[in-house]
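Right, one structure below, let's go through it.
Please treat every number below as a calculation from the coordinates, not as lab data. Since the structure is predicted, the reported quantities are computational estimates derived from the model, not experimental observations. Every residue, glycine as well, gets a Cβ built from its backbone with ideal geometry; the counts of neighbours run over all protein chains shown.
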Amino acid sequence: MRGVGVLVATRKGAWFYYSDAGRDKWRVDGPHFLGHVVNHMVLDPRDRRTLLAAAKTGHLGPTIFRSTDRGASWKEAALPPAFPKAREGEAARAVDHTFWLTPGHVSQEDLWYAGTSPQGLFRSGDGGATWEPFSGIDEDARYRAWMGGAQDGTPDGAKLHSILVDPRDPAHLYFAMSGGGVHESLDGGASFAPLVDGLEVVEGFDRSNIAFHDPHCVRLCPGNPDRLYQQNHCGIYRLDRPSKTWRRIGKSMPREVGDIGFPMVVHPRDADTAWVFPMDGTQVWPRTSPGGKPAVYMTRNGGESWQRLDAGMPENQAWWTVKRQAMAVDALQAPALYFGTTSGELWMGRDEGSRWTCIARHLPEIYAVEAGALE
Amino acid sequence: MRVLIPSALVSYTGRSHVEASGRTLGEVLSDLDQRYPGIRFRMVDEQDRIRRHIRVFINADQVLDLARPLEADDEVVIVQALSGG
């Protein structure tokens, strides 16, 4: 393995950072799409050459940029994700932005999935050049109600995210909606069913109403695909299949920090190891580092206990936070963590997050970070 | 007819002035999409609404309706309405 590439998507463009396996010196390539809002940028692990970037500007409609030469050249999608034309009397939905990109199963060349805001699930069978609505959920009245519209959910629209493919079975899929719960398909996406048992909702709301469930980030463990972790609006959870009941593992976080946050990252091989980046979810939800003291928390035992990892980070008066797609881990022997902040800093946590250094400063607000090995 | 493309969309056309044909504004935008796949969706959403920050002028008059008839010698100017930071 030659080294590591880190893909950084921001509110004003995208950057690549490259290093050798030692991860001591970093080379920057960018900006790409300067001025575009880039919500997610993903390298296809099946060929390690194809890149997709979900982008829009403040003025134009959304698109997907596609590169087949690791970002040397880009081409816009001919048919980006778009909702069907509204029928008479039906609410007219328009994709504001594509938020999430997931490559298909290793056996399904050129297949990609996308999640949008307003919430919609899309699929491309040609490597991202053309997209179409995917699955029967778009015609399912229950799902349409859970998905809501442009005014639901987070400040810039509810987001369909965390599209997960079981590495053992391409027909086994999951996705989550920032307003609308976690869902599972066993038939390749023809149908989905909610998977929310055990998850809490905001006090005073009915947890049996799927629309009130607010998963922030769901991850499937490569080392054990029967285990999922989730950072939710209401805590940190773990699910061990075939169980359908999530267990809140965030209760063992320090009380003064709590278990609210956006991102969650799982170890590339050890399913008992995972990381979160807590934020302040008290009162008016400042969504900053708790107390202005940023830290990653790691569990090595499936959430039974958590360890604070902040060596090298600012000790106080640092009020940034990390968005749900903006934390990642590489797959080297001693994995390093990476996160991008709302204040435009890119950090690396060497040795599974035990020592932190800042790789880049002064970038625009960081929306997404992905890390991959370079052959 | 002659169509002025805003700078943000020149990545599709390669130049700021292009030729397109059609009897209505909607047909001209569809013709542009045939020539430059994907460009229409950046300006018009899937419900056929001109996007919020796109403005279209025909012979210097602002037009909001895709059904607006066009003559062969009309000039279509598409601009992006900048706002925010």
For peptide B:35-46, how many partner chain Cβ atoms fall within 10 Å of a residue's Cβ, on average? 6
Relative compactness, segment A:262-375, computed as alpha-carbon Rg over 2.2 N^0.38 Å: 1.01
Once a ≥ b ≥ c are taken as the square roots of the eigenvalues of the Cα gyration tensor of segment A:229-318, is the result rounded (a/c under 1.5), prolate (a/b larger than b/c) or oblate (a/b not larger than b/c)? oblate
Using a ≥ b ≥ c from the Cα gyration tensor of segment A:172-237 (square roots of the eigenvalues), is it rounded, prolate or oblate, where a/c under 1.5 gives rounded and otherwise the larger of a/b and b/c decides, a/b for prolate? oblate
Could you tell me which of rounded, prolate or oblate describes chain B, using a ≥ b ≥ c as the square roots of the eigenvalues of the alpha-carbon gyration tensor, with rounded for a/c under 1.5 and, failing that, prolate when a/b is larger than b/c and oblate otherwise? rounded
Of A:GLN231, A:GLN283, A:GLN307, the most mobile residue in a GNM of chain A (C-alpha springs, cutoff 10 Å) is A:GLN283
Amide N of segment A:114-143 lying under 11 Å from the label point, which is placed 7 angstrom from the Cα of A:ASP47 along Cα→Cβ: A:126-129
Packing-based exposure ordering (other Cβ within 10 Å, fewest first) of A:ASP24, A:ASP138: A:ASP24, A:ASP138
Loop-located trypsin sites (Lys or Arg not before Pro) in segment A:231-279, at most 14 other Cβ atoms within 10 Å (DSSP): A:LYS244, A:ARG255, A:ARG269
What is the order of A:LYS25, A:LYS56, fewest Cβ neighbours within 10 Å to most? A:LYS25, A:LYS56
How do A:ASP330, A:ASP166, A:ASP47 line up, fewest other C-beta atoms within 10 Å first? A:ASP47, A:ASP166, A:ASP330
Cα-projected label distance for A:ALA193 with B:LEU64, points at 7 Å along beta-carbon direction, nm: 4.9 nm
Per the Cauchy relation, a quarter of the hull surface: what is the mean projected area of the convex hull of the alpha carbons in chain A, in nm²? 17.3 nm²
Amide H contacts under 5 Å for A:LEU121, restricted to residues at least 5 apart in sequence or on another chain and with H modeled in the peptide plane, are A:PHE134
Show me the GluC sites (Glu not before Pro) within segment A:301-362 that DSSP assigns to loop and that have at most 15 other Cβ atoms within 10 Å of their Cβ. A:GLU304, A:GLU315
Taking H placed 1.01 Å from N in the peptide plane, check which residues at least 5 places from A:ILE163 or on another chain put their amide H under 5 Å from its amide H. A:ALA176
Put one equal scatterer on each alpha carbon of segment A:42-116, apply the Debye formula with no solvent term, and list log10 I(q)/I(0) at q = 0.13, 0.20, 0.21, 0.24 1/Å to two decimals. -0.45, -0.89, -0.96, -1.14
List the residues whose amide H sits under 5 Å from the amide H of A:ILE359, counting only those 5 or more places along or on another chain, with H placed 1.01 Å from N in the peptide plane. A:LEU346, A:TRP347, A:MET348
Averaged over peptide B:10-22, how many Cβ atoms belonging to another chain are found within 10 Å of each residue's Cβ? 1
Measure out, as a whole number of angstrom, how far apart the alpha-carbon centroids of segment A:303-324 and segment A:58-73 sit. 33 Å
Extension gain, B:GLN34 back to B:PHE57 (0.36 nm per residue minus Cα-Cα distance, nm): 6.2 nm
Residues of segment A:12-35 with amide nitrogen under 14 Å from the 7 Å Cα-to-Cβ point of A:LEU374? A:16-30
Listed residue pairs exceeding 26 Å between alpha carbons, taken from A:LYS12/A:LYS251; A:LYS56/A:LYS293; A:LYS25/A:LYS56; A:LYS293/A:LYS323; A:LYS12/A:LYS75: A:LYS12/A:LYS251; A:LYS56/A:LYS293; A:LYS25/A:LYS56
I need the phi-derived Karplus couplings for segment A:74-80: 6.51 cos²θ - 1.76 cosθ + 1.60, θ = phi - 60°, integer Hz, Gly and Pro marked x. 9, 9, 6, 4, 6, 9, x
Each residue of segment A:166-174 in order: what ³J(HN,Hα) in whole Hz does its phi give by Karplus 6.51 cos²θ - 1.76 cosθ + 1.60, θ = phi - 60°, with x for Gly and Pro? 5, x, 8, 7, x, 8, 9, 10, 10
Please give me, ordered by residue number, the trypsin sites (Lys or Arg not before Pro) of segment B:8-66 that lie in loop per DSSP and have at most 10 other Cβ atoms within 10 Å. B:ARG15
With θ set to phi - 60°, apply the Karplus curve 6.51 cos²θ - 1.76 cosθ + 1.60 along segment A:272-278 and write out the HN-Hα couplings as whole Hz, x wherever there is a Gly or Pro. 7, 10, 8, 10, 9, 10, x
